[in-house]
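The values are calculated or read from the model by the stated rules, or taken from the named source; none is laboratory data. Owing to the predicted nature of the structure, the values given are computational and were not obtained by experimental measurement. Note that we place each Cβ from the backbone using ideal geometry, even for glycine, and neighbour counts take in every protein chain shown. To get the accessible areas, we keep the full protein, side chains included, count just its heavy atoms, and leave off ligands, DNA and RNA. Shrake-Rupley method; radii C 1.70, N 1.55, O 1.52, S 1.80 Å.
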Amino acid sequence: SFIGEESVAAGEGSILTDNPTWIIDPIDGTTNFVHRFPFVAVSIGFVVNKKIEFGIVYSCIEDKMYTARKGKGAFCNGQKLQVSGQEDITKSLLVTELGSNRDPETVKIVLANMERLLSIPIHG
């Protein structure tokens with residue numbers, strides 16, 4: 001099976017089943033792309049029994065290929081990635097994205113979440 005972000009965004013329905021399924025977003029970061037902001041990627045995932053098996057993200061502008069496979073780790077251009085190990089959130093950098101849904105109820109939830117995040121004493 002196939003699920004494409006662009007077709008779902010256009011209103012086509014999709015149901016994730018237990019069947020092997022490719023999930024594809026050919027322009028992940030569409031808003032960035034439209035505004036010529038250089039953070040866009042092609043994102044592909046493969047799911048079996050509703051569980052991710054592997055994923056690939058190609059950052060086109062940076063020419064970086066991110067890959068990950070369940071139980072095998074994650075890589076960037078073949079080099080193994082790892083988390084920092086930082087456990088103290090006050091020494092961390094927080095990155096978030098507001099999303100594009102401007103439905104009033106969704107905006108209310110996003111802003112409430114942002115308020116909670118901004119109350120944490122983080123580096124930035």
Residue 23: passes all of (1) in contact (Cβ under 8 Å) with a residue 24 or more places away in the chain; (2) β-branched (Val, Ile, Thr); (3) open to solvent by less than 60 Å² (accessible area, probe 1.4 Å) but (3)
Might you check whether a residue that is modelled with pLDDT of 95 or more and either farther than 25 Å from residue 28 by Cα or in contact with a strand residue (DSSP E or B) (Cβ under 9 Å, 6 or more places away or on another chain) (or both) occurs anywhere in segment 79-89?
-> yes
Could you give me the residue pairs with C-beta distances under 7 Å whose first residue belongs to segment 33-48 and is free of Cβ contacts under 8 Å to residues at least 12 places away in the same chain, whose second residue is part of a strand (DSSP E or B) wherever it lies, and which are 6+ apart or on separate chains?
-> 33/27
